[in-house]
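The values are calculated or read from the model by the stated rules, or taken from the named source; none is laboratory data. Predicted, not measured: the structure shown is a model, and the values here were computed from it. Heads up, the Cβs are rebuilt from the backbone with ideal geometry, glycines too, and the neighbour counts pull from every protein chain shown.
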Amino acid sequence: MLKSLAAAVSGLALLTGAAIADPVKVGMITTLSGGGAGLGIDVRDGFMLAVKQAGNEDLEVVIEDDQRKPDVAVQLADEMIQSEKVDVLTGIIWSNLAMAVVPAATAQGKFYLSPNAGPSQLAGKGCHPNYFNVAWQNDNLHEAAGAYAKETGYNNSFILAPNYPAGKDALTGYKRFYDGEPAGEIYTKLGQTDYAAELAQIRASDADSIFFFLPGGMGISFLKQLADSGIDLPVVGPAFSFDQGILQAVGDAALGVKNTSQWNKDIDNPANKAFVESFKAEYGRLPSLYASQGFDTANLLLSAMSKADVKDADAFRAALKEADFNSTRGNFAFGNNHHPVQDIFVREVIKEDDVYTNKIIATAMSDHADAYAAECNM
């Protein structure tokens, strides 16, 4: 039986000029066990923190674990749509699961708000009026890493990523803004933890740098093995491999690494400062990139609920498109394909007291949109 978590204390119960006719029911399908569970837990915790702060009793959230399995995610989505009668779906971390769930959900008239996965297929020709990505399009942070590598003078990076949609988008994005030919290019197995063969190829190459996208436990394993390998090359990557939860497991091996992100805890705006402090107070840890995305996703939804009834799909869609909420990132706007147009920063891994974290050192790209928006006919 699906378990429901409902917000208490009414907060946004009134529309402009009318009461909300029906409550909004959200189905959150995310990864809460096994490899990559930390990512889903952070998305869930960020989302539910915003729900708690809003205190909106017209919002109900149903949460289930997809176990990082596409067939499980599809089964859960079917149950949530057919049995639970959810209005909105959210939560998926992995792009292969998103591709299995999102097109069918939006085709059935449901809204999908992505707090993470942003496969290129859903940003271009496969865009849909009911699909909104609140994080990024998959290529974006990798594009920024490629731009940073070019500016730094690296022109012979060894690049690797898992063999699934987000991994392919990652290397495509890096190469799009990178000025050079890769010293090597590898697609690893999704969930892989032993990188001896890949490290041997890196050692044998003439690479001047390493770029990798290995989220969750994959990144932890690779960084530890890289540190033990004796390979002394600068490393560039996206935030997914150097985020708050990962860094504590990697330790000193990550210090000094440059990585790209649309969010960091030191972005200087009131919404972000309040988010970081309230997340620490609620959960006893620093928030991650994923937590910020979950928090922003919930606040986007709440902003739309304050303006329109979810049963009026056109009005609710228009309210989502406005993105009238205070994002942890500061300025936030959707492009024509319902993906963010936003700044992307360069961060450096540092140590504050006994905690490994990141600090922003530069802006890699300003008001950056994705490469697939022109293919979207919305």
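Within the range 132-154, no residue satisfies the criterion of being in a helix (DSSP H, G or I), aliphatic (A, V, I, L, M) and either under 30 Å from Gly109 (Cβ atoms) or modelled with pLDDT under 95 (or both).
When residues of the range 1-31 are filtered for being at pLDDT 85 or above and surrounded by 22 or more Cβ atoms within 10 Å (Cβ to Cβ), how many remain? Adding up the residues that qualify gives 7. Residues in the range 208-252 that are under 16 Å from Thr188 (Cα atoms), over 20 Å from the mean Cα position of the chain (by Cα) and surrounded by fewer than 24 Cβ atoms within 10 Å (Cβ to Cβ): Ser221, Gln225, Leu226.
Could you tell me whether any residue of the range 73-92 is part of a loop (DSSP other than H, G, I, E, B), under 15 Å from the mean Cα position of the chain (by Cα), crowded, with 20+ Cβ neighbours inside 10 Å and on the phi < 0 side of the Ramachandran plot? Looking for residues that are part of a loop (DSSP other than H, G, I, E, B), under 15 Å from the mean Cα position of the chain (by Cα), crowded, with 20+ Cβ neighbours inside 10 Å and on the phi < 0 side of the Ramachandran plot, one finds at least one in the range 73-92, hence yes.
Table: residues versus (1) over 19 Å from Gly146 (Cβ atoms); (2) in contact (Cβ under 8 Å) with a residue 40 or more places away in the chain; (3) not assigned by TED's automatic domain parsing to the domain that holds Ala54.
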site: Gly237; (1), (2), (3): no, yes, yes
site: Phe240; (1), (2), (3): no, yes, yes
site: Gly245; (1), (2), (3): yes, yes, yes
site: Gln248; (1), (2), (3): yes, yes, yes
site: Ala253; (1), (2), (3): yes, no, yes
site: Gly256; (1), (2), (3): yes, yes, yes
site: Asn272; (1), (2), (3): yes, yes, no
site: Phe275; (1), (2), (3): yes, yes, no
site: Ser278; (1), (2), (3): yes, yes, no
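Only one of these conditions is not met by Arg44: (1) surrounded by fewer than 20 Cβ atoms within 10 Å (Cβ to Cβ); (2) under 23 Å from Val310 (Cα atoms). Which number is it? That leaves (1) as the condition not met.
Of the residues Asn259, Asn299, Asn269, Asn264, the single one that is under 30 Å from Gln201 (Cα atoms), modelled with pLDDT of 95 or more and touching a strand residue (DSSP E or B) at 6+ places or on another chain (Cβ under 8 Å) is Asn259. Looking across Gly191, Gly173, one residue alone is surrounded by fewer than 18 Cβ atoms within 10 Å (Cβ to Cβ), under 24 Å from the mean Cα position of the chain (by Cα) and either under 25 Å from Ala123 (Cα atoms) or touching a residue at least 24 places away in the same chain (Cβ under 8 Å) (or both). It is Gly191.
Looking at the range 177-197, can you tell me whether even one residue there is in the same structural domain as Arg347 (by TED's automatic domain parsing), of a type in the set (Lys, Arg) and touching a helix residue (DSSP H, G or I) at 6+ places or on another chain (Cβ under 8 Å)? So far as the range 177-197 goes, no, none of its residues is in the same structural domain as Arg347 (by TED's automatic domain parsing), of a type in the set (Lys, Arg) and touching a helix residue (DSSP H, G or I) at 6+ places or on another chain (Cβ under 8 Å).
Yes/no matrix, rows are residues, columns are (1) in contact with a strand residue (DSSP E or B) (Cβ under 7 Å, 6 or more places away or on another chain); (2) closer than 23 Å to Lys321 by Cβ:
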{"residue": "Met80", "(1), (2)": "yes, no"}
{"residue": "Thr90", "(1), (2)": "yes, yes"}
{"residue": "Asn96", "(1), (2)": "no, no"}
{"residue": "Ala107", "(1), (2)": "no, yes"}
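Screening the candidates Gln192, Gln225 for the property of being of a type outside the set (A, V, I, L, M, F, W, C) and not in a helix (DSSP H, G or I) yields one hit, Gln192. The single condition among (1) closer than 20 Å to Leu89 by Cα; (2) under 16 Å from the mean Cα position of the chain (by Cα) that Ser303 does not meet is (2). The single residue among Glu348, Glu352, Glu375 that is touching a Cys at 6+ places or on another chain (Cβ under 9 Å) and surrounded by fewer than 22 Cβ atoms within 10 Å (Cβ to Cβ) turns out to be Glu375.
Inspect all residues belonging to the range 97-113 and state whether any of them is assigned by TED's automatic domain parsing to the domain that holds Ala369, surrounded by fewer than 24 Cβ atoms within 10 Å (Cβ to Cβ) and outside any loop (DSSP other than H, G, I, E, B). Checked against the condition, which is being assigned by TED's automatic domain parsing to the domain that holds Ala369, surrounded by fewer than 24 Cβ atoms within 10 Å (Cβ to Cβ) and outside any loop (DSSP other than H, G, I, E, B), the range 97-113 yields no hits at all. Scanning the range 273-289 finds one or more residues that are in a loop (DSSP other than H, G, I, E, B), of a type in the set (S, T, N, Q), out of contact with any strand residue (DSSP E or B) (no Cβ under 9 Å at 6 or more places or on another chain) and crowded, with 24+ Cβ neighbours inside 10 Å. Looking only at residues that are of a type in the set (A, V, I, L, M) and over 15 Å from Asn326 (Cβ atoms) in the range 290-313, which one is surrounded by the most Cβ atoms within 10 Å (Cβ to Cβ)? Across the range 290-313, the extreme among qualifying residues is Ala291. Please determine whether any residue of the range 155-163 is small (Gly, Ala, Ser), in the same structural domain as Gly237 (by TED's automatic domain parsing) and in a helix (DSSP H, G or I). No, the range 155-163 has no match at all.
Within the range 42-62, the set of residues being of a type outside the set (A, V, I, L, M) and part of a helix (DSSP H, G or I) comprises Asp42, Arg44, Asp45, Gly46, Phe47, Lys52, Gln53.
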